[in-house]
Amino acid sequence: MVGLQKGPGLGAKKGSVAAPSKTGSTQNMSANIKVVVRVRPLNMKEMQSYNRIVVDVVDDKMLVFDPKEETRPLFYQGVQQPNKNFLKRANKELKFVFDDVCGQEASNQDVFETTTKEIISSLMEGYNCSVFAYGATGAGKTFTMIGTQENPGITYLTMEHLFYTIYSFKKDRDFDIGVSYIEVYNENVYDLLKPSSTPLQLREDSKNGVMVAGLSLHSIKTARELLNVLEDGNKNRTQHPTDANAESSRSHAVFQVYVKMRYKISSQLRMVKLSMIDLAGSERASASGCKGDRFKEGANINKSLLSLGNCINKLADGSNYIPYRDSKLTRLLKDSLGGNCKTVMIANVSPSNITYEDTYNTLKYAARANKIQLSIKKNIVDGDIRASQYVKINEELKKKIKELEAKLSLSSLKTVKESDGVKEKCKLIDLY
């Protein structure tokens, strides 16, 4: 994942943004990717056409895909007649269990409460955190991540909660905050906060991981500034209408917040990043009606999402080789999927049978992602000096100061005595 090396406004070198240094990281933990499924309400097109509900939310942890339909028996002259749908394929009746399931009635606030609210505390502890929305075109990813003015998405709500949390720690820590915003469009990476027709290059090394060369980093002081930057970036994001979605996002968007915090007592420094990722939707050309440039866009979107799916499958299987380099998207997501990062995946699906195959594929990938194990480290740059250690060091320094003062005092007294002795000798010489 793109991250922080050191950038403008954060005492950093200008021109490249990379993952925070892991120097001094002392605490490791193992965790799974947290997977949350959100089932959106039926849209107008689905309500106006004949459709069947293929996602039945059982509770906040379980859903059933393609549930059995209740068929009323047909009788003629008191005799039950054979079912006319006997040639119809059997319902899958597949049960899926996830960390959380948000039904059609769930608001963006509800999704925020179950997904990103709790990871802010992990961010404050020194862990990198990442959230990404996955699903087919029109499944509701951008609404979940960005939302509207009346119903803001989880990116807005998360940023608001981040600044509230930072304010509560002001007495103990000093903070510097920077943000970047990029999109991956047609397998090219662009800066949404500093628009240019020239794509940015990805670079990778063993120390910093994947870097986006030339990516601009903007220093932020208030939540309002941060949200204004997010809004400006969204205006520059590539969107085009398709048959499947009137405002289809044709690119993957990665919004990142870099937080540098220094403890006032121990001077411990932690540098962490929060990544909010809105993926473009997988799509079938027949459903989206794309031709020409839109078809090319869709092909590149599907290519990168296929690479993402392959990485998820390999990670879930515990494979030693993960094909991150198959696409720009998976190179950028490397840290979030299999690296040093607490990750939440929000799988967005429609409940209508119109998107039957897309919903099934999304649920399968979400179930696979839930098996991925992550090894997470705290990002502590200059060592973990506890308060008790600090007090001990302080006492030792005070003791040394007293010893030096005593030596200095003895030395001064000796100098005075020697000076008095010289004066007495001079007086005796004068007498003679």
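The values are calculated or read from the model by the stated rules, or taken from the named source; none is laboratory data. Fair warning: this is a prediction, and the values are worked out from it, not measured in the lab. No Cβ is skipped: glycine too gets one built from the backbone with ideal geometry, and neighbour counts run over all protein chains shown.
Among the residues making up segment 195-238, a single one is modelled with pLDDT of 85 or more, more than 17 Å from Met276 (Cα to Cα) and out of contact with any strand residue (DSSP E or B) (no Cβ under 9 Å at 6 or more places or on another chain): Pro195.
On the given criteria, is Gly339 modelled with pLDDT under 85, not charged (D, E, K, R) and not assigned by TED's automatic domain parsing to the domain that holds Tyr134? In short, no.
Residues in segment 361-376 that are more than 16 Å from Leu63 (Cα to Cα) and either out of contact with any strand residue (DSSP E or B) (no Cβ under 7 Å at 6 or more places or on another chain) or outside any strand (DSSP E or B) (or both): Ala369, Lys371, Ile372.
For segment 321-345, filtered to residues that are in a loop (DSSP other than H, G, I, E, B) and in contact with a helix residue (DSSP H, G or I) (Cβ under 9 Å, 6 or more places away or on another chain), the residue that is nearest to Thr115 (Cα to Cα) is Cys341.
Conditions (1) over 27 Å from Lys342 (Cα atoms); (2) modelled with pLDDT under 90; (3) surrounded by 22 or more Cβ atoms within 10 Å (Cβ to Cβ); (4) not hydroxyl-bearing (Ser, Thr, Tyr), marked per residue:
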| site | (1), (2), (3), (4) |
| --- | --- |
| Pro82 | yes, yes, no, yes |
| Phe86 | yes, yes, no, yes |
| Lys95 | no, no, no, yes |
| Gly103 | no, no, no, yes |
| Tyr164 | no, no, no, no |
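A single member of Asp191, Asp172 is touching a residue at least 12 places away in the same chain (Cβ under 8 Å), among the acidic types (Asp, Glu) and within 30 Å of Ser266 (Cα to Cα), and it is Asp172.
Each row is one residue, and each column tells you yes or no for (1) over 23 Å from Gly338 (Cβ atoms); (2) of a type in the set (S, T, N, Q); (3) over 19 Å from the mean Cα position of the chain (by Cα).
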| residue | (1), (2), (3) |
| --- | --- |
| Val131 | no, no, no |
| Gly135 | no, no, no |
| Asn151 | yes, yes, yes |
| Arg173 | yes, no, yes |
| Asp176 | yes, no, no |
| Pro199 | yes, no, yes |
| Ser216 | yes, yes, no |
| Ser219 | yes, yes, no |
| Lys235 | yes, no, yes |
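Do we find a residue being farther than 26 Å from Tyr167 by Cβ, out of contact with any Phe, Trp or Tyr (no Cβ under 6 Å at 6 or more places or on another chain) and either of a type in the set (A, V, I, L, M) or surrounded by 24 or more Cβ atoms within 10 Å (Cβ to Cβ) (or both) anywhere in segment 123-131? Within segment 123-131, not a single residue is farther than 26 Å from Tyr167 by Cβ, out of contact with any Phe, Trp or Tyr (no Cβ under 6 Å at 6 or more places or on another chain) and either of a type in the set (A, V, I, L, M) or surrounded by 24 or more Cβ atoms within 10 Å (Cβ to Cβ) (or both).
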